[in-house]
Amino acid sequence: MAEKAHVSSSEAIEAFRASLIAYVGKTRPILEDGADEVSRTRQWLENDRRIHWENQLRRRTKTLEEAQQALFSSRLSNLRETTSAEQQAVNRAKRAVAEAEEKLKVVKRWTRDFDNHVDPLVKQLEGLRTMLANTMPKAAAYLVQTVKAIDAYVGVAPVGAASAPPTAEPSKEDASES
């Protein structure tokens, strides 16, 4: 024999539906911000950082050439000794050029590898965005239908109870069932 449901209110389902709608409303902008941030980072790597370090490499290479020229000139002219300051300037410029070359190499590697590292995560974000855009509105609509069904169920009196007024004495049908 089937058990009867004892439902008295649909308020819990309605509260859950309201929470679901609030969740979707808060989550969508966050996911969109995440996707936008990935795009901005890609642009930053490909354009801003690459151009910055290429310019730094050119500037630092020019500084190195100037320091080497000053050191070479001081060695050619026998008028004075090569100073340690000139040698230090050359060494500093060499380190600066090496740093710029290394940074440019790292930026180029990240530009090349960025999509491989980020694409799996972006696909997960897209899946969640799709679910929030498609599945959650359907779920909210289903909850509305569920609330209507429960309210209709609660509003219907049991069969036979509405047609006969309650009596103190059992009827013939009730006595035969016992």
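One table, with the values for the structure above:
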{"read-out": "For Asp113, net neighbour charge (Lys/Arg +1, Asp/Glu -1) across residues whose Cβ lies under 15 Å away", "value": "+4"}
{"read-out": "Taking the range 7-151 and dividing mean pair separation by its residue count, relative contact order in percent (alpha carbons under 8 Å, at least six apart)", "value": "46"}
{"read-out": "For the range 70-150, Kirkwood radius (reciprocal of mean inverse C-alpha pair distance, Å)", "value": "19.1"}
{"read-out": "When each of Lys26/Lys108; Lys26/Lys103; Lys26/Lys148; Lys62/Lys105 is checked by Cα-Cα distance, pairs over 31 Å", "value": "Lys26/Lys108; Lys26/Lys103"}
{"read-out": "Charge dipole magnitude, Cβ of K and R +1, D and E -1 - the range 43-145, Cα centre, debye nearest 20", "value": "60"}
{"read-out": "Size of charge dipole - the range 21-70 - debye, nearest 20, with Cβ of Lys, Arg +1 and Asp, Glu -1, no other charges", "value": "60"}
{"read-out": "For Phe72, solvent-accessible area (1.4 Å; no DNA, RNA or ligand), Å²", "value": "110"}
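The values are calculated or read from the model by the stated rules, or taken from the named source; none is laboratory data. Note that this is a predicted model, so its numbers are computed, not measured. Cβ sites come from the backbone with ideal geometry, for glycine too, and all protein chains shown count toward neighbours. What goes into the accessible areas is simple: the full protein's heavy atoms, side chains included, and nothing from ligands, DNA or RNA. Shrake-Rupley method; radii C 1.70, N 1.55, O 1.52, S 1.80 Å.
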